[in-house]
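Worksheet: the structure to be examined is printed underneath.
Quick note: the coordinates plus some simple rules give every number you see, no bench work behind them. These numbers come from a predicted model, not from an experiment. Positions of Cβ are generated from backbone atoms using ideal geometry, with glycine treated the same way; all protein chains shown enter the neighbour counts.
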Amino acid sequence: MAEGSNGPLQDRVAIVTGASRGIGRAIALHLASLGAKVVINYTSNSAQADTVSSQINGDSLVPRAITVRADISDPAQVKSLFDATESAFDSPVDILVNSAGVLDSKYPTVSNTTIEDFDNTFNVNTRGAFLCCKEAANRIKRGRGGRIICMTSSSVASLKTGYGAYAASKAAVETMVKILAKELKGSGITANCVAPGPVATDMFFSGKTEEMVNAAVEVCPLGRLGETRMWLRWLGSWLAMLGNGLMDRSFVLMGDMCE
């Protein structure tokens with residue numbers, strides 16, 4: 001890639017959690033194309049993370065992307081993630097996109113959800129979002145137009161069966177981020193959630209039968225699954241407005257993302 005010089009996010013520093021694949025990967029690549037320096041956070045698959053980093057850096061002698069392994073449910077590892085970012089780019093973080101998340105691919109009813117699966121869902125989706133938001137709120141410099149963005153889910157509103165723990169974990173994040181946005185008033189930092197609907201990623205397809213996939217497609221206005229590239233344009237435009245004060249700090253975007 002290695003383009004993005006003189007882009008609207010030139011030399012801004014962004015952390016994208018869960019960036020080795022899926023939506024997180026697409027966001028990391030897009031931010032880099034806009035000129036940002038990007039940290040590719042991952043939990044287990046270093047090969048996938050390295051591929052994303054290599055795609056961004058290309059043949060550039062000065063890396064614009066690095067990979068950092070960190071379990072976002074662990075406060076010490078989240079702190080290390082931010083420390084590594086600041087050290088690598090000699091700059092404070094400007095943007096956090098918390099895209100890391102887990103979904104129980106067994107799609108159990110609430111009554112059949114195990115305590116272990118419930119705890120795992122909330123540890124990553126909710127506790128992880130809290131720890132990342134907390135660190136970002138304390139690290140992003142005031143007055144620079146920083147951004148804190150958490151990926152949630154349209155399942156919070158659609159209330160699909162089989163998504164009890166997942167939807168609840170994301171609903172908690174939406175509530176927390178709305179409050180965080182109020183707490184950041186006057187700082188120049190915005191806090192927002194983005195809640196996509198069915199998007200064709202590995203996590204979406206995991207554990208789903210053909211019937212389940214078709215059912216998801218049927219509720220999309222255009223009769224097909226969303227693709228990450230479809231909404232990266234407005235996300236990039238949104239982030240490009242760093243520092244102009246035009247964004248509503250309590251905004252939560254809901255949508256099926258099937259356009």
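Points worth noting:
- Cβ-defined net charge surrounding Ala70, 12 Å radius [Lys, Arg +1; Asp, Glu -1]: -2
- Euclidean distance between Cα centres, the stretch 8-75 to the stretch 106-157, Å: 19
- A protection proxy built from the mean count of other Cβ atoms within 10 Å ranks the segments 90-97, 47-54, most packed first, as 90-97, 47-54.
- The label-point distance for Ile179 and Thr109, in a model that sets each label 7 Å from Cα toward Cβ, rounds to 3.2 nm.
- Cβ-defined net charge surrounding Asn120, 14 Å radius [Lys, Arg +1; Asp, Glu -1]: -4
- Applying 0.36 nm per residue to the separation of Ala171 and Asn45 and subtracting their alpha-carbon distance, the gain on full extension is 42.6 nm.
- FRET efficiency for Val62 and Lys141, using Cβ-Cβ distance with R0 set to 30 Å, rounded to 0.05: 0.85
- By the count of neighbouring beta-carbon atoms within 10 Å, fewest first, Met212, Met176, Met151 end up ordered Met212, Met176, Met151.
- A protection proxy built from the mean count of other Cβ atoms within 10 Å ranks the segments 139-146, 24-31, most packed first, as 24-31, 139-146.
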